[in-house]
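The values are calculated or read from the model by the stated rules, or taken from the named source; none is laboratory data. Here the structure is a predicted model, which is why all the values come from computation and not from measurement. With ideal geometry, Cβ positions are generated from the backbone for all residues, glycine too; neighbour counts draw on all protein chains shown. All accessible areas refer to the heavy atoms of the entire protein, side chains included, with ligands and DNA or RNA removed. Shrake-Rupley method; radii C 1.70, N 1.55, O 1.52, S 1.80 Å.
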Amino acid sequence: MSRPRIALLTAAHEPEETTRNFRRELDADLAEFHAKAGELPNRHPDAFDGVVVTGSKSSVYWDDDWIPALVDYVAAAHEADVPILGVCFGHQVLAEALGGTVEDMGAFELGYREVDRTTDDPVFEGVPETFTTFTTHGDTVTDLPPGATLLAENDYGVHAFRAGDSVGVQFHPEYDNETAERIAREKDVDEDRREAVLAGITPEAYDAACEAKRLFENFTSRLASPAAGD
């Protein structure tokens, strides 16, 4: 059976590590586009079986030309009934595209932390009700899109929602410990907090976080039969 064809819209400022992580986790044929550089598919979204939007150092409300173009593409894909998975910034892009609200938290969540599922959902099949995952974000979805369902949250707010066939997750299930450590060293947080986060980046924490990686399999396994052509 052919694998699904997914448009991977990379919003990362330096995309190599991001694409490496998603290539490892997504069992699909990926067509990669560096959205941050203004690259988006030039075909109708239904040429793909699914769309994945990655994290980014950017905020969805910044006045950068590539961001509204990405938001518009995601809105069009959702309207065309193409399933979307948005991760961190991608989760916020999905919320913005569907009429939700994204705002600066005035705080920063960083490190391996616990998230609670609020309801059963196919994308979280096999994932514990409370699970460990790596987080790094200063923005949050403060209002879900109309008709969306909250799927997961913690003390920093919304961590997952569903709208139709599209799902956003605020956390980073694609991270390995190499990425987690690099991110922790780069973030503008006080040194005591940084050292505490780094101390928590352990093989045991990564093993626990691998339970949430199940959502990639759950997402790809429910995609339609692969689109014909290229």
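From the list Glu39, Glu96, the lone residue that is more than 15 Å from the chain's Cα centre (by Cα) and not basic (Lys, Arg) is Glu39.
Pairs meeting the criteria (first residue in the stretch 87-101 and under 20 Å from His34 (Cβ atoms), second residue among the basic types (Lys, Arg), beta carbons under 9 Å, at least 6 apart or on different chains) are Phe89/Lys57. The single condition among (1) in a helix (DSSP H, G or I); (2) open to solvent by 60 Å² or more (accessible area, probe 1.4 Å) that Arg43 does not meet is (1). Of all residues in the stretch 37-49, none that is at positive phi has its Cβ atom under 6 Å from the Cβ atom of a residue that is part of a loop (DSSP other than H, G, I, E, B) and surrounded by 13 or more Cβ atoms within 10 Å (Cβ to Cβ), 6 or more apart or on another chain.
Taking into account only those residues within the stretch 94-118 that are outside any strand (DSSP E or B) and of a type in the set (A, V, I, L, M, F, W, C), which is surrounded by the fewest Cβ atoms within 10 Å (Cβ to Cβ)? Give the derivation first.
Let us first name the residues in the stretch 94-118 that are outside any strand (DSSP E or B), namely 94-100, 118.
Still in the list and also of a type in the set (A, V, I, L, M, F, W, C): 94-95, 97-98.
On the way: Leu94: 32, Ala95: 28, Ala97: 27, Leu98: 23.
In this case the residue turns out to be Leu98.
It is to be established whether one or more residues within the stretch 30-37 are under 23 Å from Tyr175 (Cβ atoms), surrounded by 19 or more Cβ atoms within 10 Å (Cβ to Cβ) and touching a Gly at 6+ places or on another chain (Cβ under 8 Å). No, because not a single residue in the stretch 30-37 is under 23 Å from Tyr175 (Cβ atoms), surrounded by 19 or more Cβ atoms within 10 Å (Cβ to Cβ) and touching a Gly at 6+ places or on another chain (Cβ under 8 Å). If the condition is being in contact (Cβ under 8 Å) with a residue 60 or more places away in the chain, open to solvent by 30 Å² or more (accessible area, probe 1.4 Å) and under 19 Å from Asp121 (Cβ atoms), then the stretch 153-198 contributes Gly164, Asp165. Considering only residues in the stretch 1-29 that are in contact with a Phe, Trp or Tyr (Cβ under 8 Å, 6 or more places away or on another chain) and open to solvent by 40 Å² or more (accessible area, probe 1.4 Å), the one that is farthest from Pro68 (Cα to Cα) turns out to be Asp27. The C-beta contact set for the stretch 107-131 (first residue farther than 17 Å from Tyr156 by Cα, second residue of a type in the set (A, V, I, L, M) and outside any loop (DSSP other than H, G, I, E, B), distance under 7 angstrom, 6+ apart or interchain) comprises Thr119/Leu151; Asp121/Leu151; Val123/Val167; Val123/Leu215; Phe124/Leu151; Phe124/Leu215; Val127/Ala212; Val127/Leu215.
Just a yes or no: is a residue in the stretch 59-66 open to solvent by 10 Å² or more (accessible area, probe 1.4 Å) and either assigned to a helix (DSSP H, G or I) or at positive phi (or both)? So far as the stretch 59-66 goes, yes, one or more of its residues are open to solvent by 10 Å² or more (accessible area, probe 1.4 Å) and either assigned to a helix (DSSP H, G or I) or at positive phi (or both).
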